[in-house]
Amino acid sequence: SLMTDPATTLCPSCAAPLAAPYCAACGQRAPRSADFTLKSFVKQLWEEVSGSDSRLWQTLLGLFRPGVLTNAYLQYRWRQYLPPLRLYLMMSALFFLLAWGAYFEMQAQGMRSAPAELKALFADPGTLERISQWTASFRFIGVLALGVLVALLHWRKRLPIGRHLVFATHYYCADYAIYLLGTPFLYLAPAEAYMRVSQGVTFGGIAWLAWWAVLADRRVYGGGWAGNVLRGLVILGADMMISVLAGQFALVAVFLTRG
């Protein structure tokens, strides 16, 4: 049965005696008889998405404030925002679920204008789907490569590599967030204007990311504006190169694994 007397019950998580509404050992709330009612479920859902104690919306807004999330994490303010890796998993899942198809279609159109011997391959929907899956997989590795690059750009500071990986993780989260905002324009664009719209979304996203990288570098690492601009553009260029390489590696993987 559900707990009715906290003073005589053990914590379900750590087995420590419960003498208060929250466990003194691990912090878990004591069970209540109404924990699994519909009202309780709806209340928890509302608190997660809109409650004052929720970090979700603060974190999402923080993505559009370059360097804010990174500085907060590096300054041990861990309860203020979602952890970097959890945020990355959430943003990448949203991007590949809601937006990847639209952006991959832009790449697929370019693939169909390849040399004649490759056109048949790119025209096959099944092959395109495999290329898309491989590309998405290789992009996951990009955050590690970008973290190493950021460490090299700031090698004089002799900072632990983990600090640079936090920066790279937040950069990729911002990347996903920015292009998620552009996705509706791709889905709603009329066929005759699709290429113009896709180019506008692409270049708009690049400009936004360039601004983000420069400002985030300044806020997290300091230094003069000239160095910030240079490093921000290098980071952006590396991101674009990683995206291109992910597509190339995906093609190689498809060729090597085709039956």
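Solvent exposure of the range 178-217 amounts to 53 Å² per residue of accessible area, where only protein heavy atoms count and the probe is 1.4 Å.
Could you look at the range 57-106 and say what percent of its accessible area is carbon and sulfur, using a 1.4 Å probe and all protein chains?
Details: 1850 of 2730 Å².
Of the solvent-accessible surface of the range 57-106, carbon and sulfur hold 68 percent.
With the full set of protein chains in place, find how many percent of the accessible area of the range 153-259 is carbon and sulfur; take the probe as 1.4 Å. Don't skip to the end; give the middle numbers.
On the way: 3990 of 5630 Å².
Carbon with sulfur: 71 percent of the solvent-accessible area.
Per-peptide packing, taken as the mean over residues of other Cβ atoms within 10 Å, places 171-181, 188-198 in the sequence 171-181, 188-198 from highest down. A cut-off of 5 Å between modelled amide H atoms, ignoring neighbours fewer than 5 places along the same chain, links Thr9 with Leu18. Across the range 130-146, computed HN-Hα scalar couplings (Karplus, 6.51 cos²θ - 1.76 cosθ + 1.60, θ = phi - 60°) run 5, 4, 4, 5, 5, 4, 4, 5, 5, 5, 4, 6, x, 5, 5, 5, 5 Hz from first to last residue, x flagging Gly and Pro.
The values are calculated or read from the model by the stated rules, or taken from the named source; none is laboratory data. Being a predicted model, the structure only gives us computed values, none of them experimental. Cβ coordinates were reconstructed from backbone atoms using ideal geometry, including for glycine residues, and neighbour counts include every protein chain displayed. In case anyone asks, the SASA skips ligands and DNA or RNA and just uses the protein heavy atoms, side chains included. Shrake-Rupley method; radii C 1.70, N 1.55, O 1.52, S 1.80 Å.
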